[in-house]
Amino acid sequence: MPEFLRKHWAYLIGAVLLHVLFVGVFGLTMLKFAHKPQPAPLAIQAVVVDRSVLDRAQRKQQRDAAREREQQRQQQEAEQRKQQERREAEQKAEQQRQQEQKQREDQQRRLVEEQQAREKQEAERKAQAEADRQRKADEERKRVADIERKQKEEAERRKAAEDARAQKQRQDDLRRQMESEEGENELRQSDAYAAYRLMVMRAIERQWNKPPSARAGVVCTVNITQAPTGTVLSVQAGECNGDEALRQSIEVAVKRASPLPTPEDPRLFERIVVLNFKPE
């Protein structure tokens, strides 16, 4: 109502002034009739009323009533518009609030989904990294195992080859030794070897001075070490059937016979010569 009065105050003031004017005119008219001298009483008295004035007053009242109804209608329509606008504003505000709430919920949901997606990606990345690390570790263990297996196989192969070479070397050495021993045996059983040892014996006998204590049938083992040129490097008398003087006389004879005779065939040479000294 205060809002209606603020908006239509001009119309209300106009209606009040019209009503005041109408009451004033009516009052003057009534006063005019009241101050006129009363006519002489007649047998029949009558009051003359101006019909046009009454019509104008009636029309004015109708206009005022219509104007008032129109104002009331306009006031009701304005109030209805205000209520409608208020409802629409409230609905719009509610819709805005719901939209903002939905936007906040959608944003929160997106944030949660993004966080879950990041966590899932991080978990997948860690799982992939762990799988790669495990795969690389397995490959490294396999590579190391292959290297160790190959090294072991290579070591076994080298050892087998070395064992085979060593076995062959031993067999070759044994064969050569047997051949050498057979050759030496053949050489030692040859006439040339016997002649060589006899020359050595005769050279020592020629330098031997028989001591007074020596008996007939002297037999003494003599160990001689010589150079390839026949030079005597050392001599030692072994078992003898005589005394120490006999032993020393034989050692002196060997030293005097140095250098000893050398064989024509170098294969007959012996660095260490063991003789049974039996002088004739």
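The values are calculated or read from the model by the stated rules, or taken from the named source; none is laboratory data. Small disclaimer: the values here were computed from a predicted structure and weren't measured. Using ideal geometry, Cβ is built from the backbone for each residue, glycine included, and neighbour counts are taken over all protein chains shown.
Could you please let me know if LYS82 is surrounded by 10 or more Cβ atoms within 10 Å (Cβ to Cβ) and in contact with a helix residue (DSSP H, G or I) (Cβ under 9 Å, 6 or more places away or on another chain)? I'd like the intermediate steps shown before the answer.
Values: surrounded by 10 or more Cβ atoms within 10 Å (Cβ to Cβ): yes; in contact with a helix residue (DSSP H, G or I) (Cβ under 9 Å, 6 or more places away or on another chain): yes.
Judged against the criteria, LYS82 is a match.
What do you reckon, is GLU114 assigned by TED's automatic domain parsing to the domain that holds ALA15 and either at pLDDT 90 or above or not charged (D, E, K, R) (or both)?
No.
Pick from PRO263, PRO212, PRO228: which is within 21 Å of ALA194 (Cβ to Cβ) and surrounded by fewer than 17 Cβ atoms within 10 Å (Cβ to Cβ)? It would help to see each step written out before you state the result.
Numbers: PRO263 fails: surrounded by fewer than 17 Cβ atoms within 10 Å (Cβ to Cβ); PRO212 fails: within 21 Å of ALA194 (Cβ to Cβ).
Only one candidate qualifies: PRO228.
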